[in-house]
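Worksheet: the structure to be examined is printed underneath.
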Amino acid sequence: MTSRIGVITFPGTLDDRDTQRAVRVAGAEAVPLWHRDKDLKQVDAVVLPGGFSYGDYLRAGAISRFSPVMETVIEQARAGMPVLGICNGFQVLTETHLLPGAMLRNNHLHFICRDQKLRVENAETSWTADYAPGQEISVPLKNIDGRYVADERTLDMLEAEGRVAFRYLDGNPNGSLRDIAGITNEAGNVVGLMPHPEHAVEPLIGTGRTDGLGFFTSILKKLVNA
């Protein structure tokens, strides 16, 4: 049976179609999910894609956190369902407290769009198992509220527990503390990152490489072997 991966669309989401395509390229079935519908349609995993949900009013992700679909996502994530938050999706995950910390305006106060080099720090999550620890990858980055922050105690906890999933290389693009590009929860089923792996799954587009495809093949193998 083909694994079903849900991709949520909020008002202002702009990378849902790209994410659905990435899911299909990896070999799974992409299931569109609407933010006002609590029903996850029996999916096996969920992706919160990038964009500017609700125009980033109040704070990026602050309004989306209260969308009806998120009530079910939070419940299922705490029960073990794999959830990936990309860019705006990462911001939503911090607003729901499924992941610790917060996202602030880039330290240079400008929108940034470029190919970004990352180092894989944790290759044991549901979304990173197809990578090797220390592997360097390149995926597109595009954000203005991408600066990851947390108090020192939280940062030390993330480091000590191996929950920093990705770190920026060759220059910190937004002032994120400790060069953190992505993190995971303690169980490893919830991952959030600011760069966009869905834009790096086919040689024809994005970086011209397929470094982001591992996110989607990782979860597929996790679901098949569950």
If a residue has to be without any contact (Cβ under 8 Å) to a residue 40 or more places away in the chain and either farther than 21 Å from Val92 by Cβ or in a loop (DSSP other than H, G, I, E, B) (or both) to count, how many in the range 1-43 make the cut?
14
Looking only at residues that are buried (at least 24 other Cβ atoms within 10 Å of the Cβ) and among the small types (Gly, Ala, Ser) in the range 76-120, which one is farthest from Ile63 (Cα to Cα)?
Gly85
Is one or more of the residues making up the range 29-44 within 18 Å of Ile144 (Cβ to Cβ), crowded, with 20+ Cβ neighbours inside 10 Å and in contact with a strand residue (DSSP E or B) (Cβ under 6 Å, 6 or more places away or on another chain)?
no
Exactly one condition in (1) touching a helix residue (DSSP H, G or I) at 6+ places or on another chain (Cβ under 6 Å); (2) closer than 27 Å to Gly171 by Cβ; (3) open to solvent by 10 Å² or more (accessible area, probe 1.4 Å); (4) modelled with pLDDT under 95 is false for Phe52; which is it?
(1)
Could you grab me the full set of residues in the range 121-149 that are surrounded by 20 or more Cβ atoms within 10 Å (Cβ to Cβ) and assigned to a loop (DSSP other than H, G, I, E, B)?
Glu121, Asn122, Thr125, Ser126, Trp127, Thr128, Tyr131, Asp145, Gly146
Check the range 67-82 and report whether any residue there is touching a residue at least 60 places away in the same chain (Cβ under 8 Å) and closer than 24 Å to Val149 by Cβ.
yes
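The values are calculated or read from the model by the stated rules, or taken from the named source; none is laboratory data. All of these numbers come straight from a predicted model, not from anything done at the bench. Positions of Cβ are backbone-derived with ideal geometry, glycine not excepted, and every protein chain shown enters the neighbour counts. To get the accessible areas, we keep the full protein, side chains included, count just its heavy atoms, and leave off ligands, DNA and RNA. Shrake-Rupley method; radii C 1.70, N 1.55, O 1.52, S 1.80 Å.
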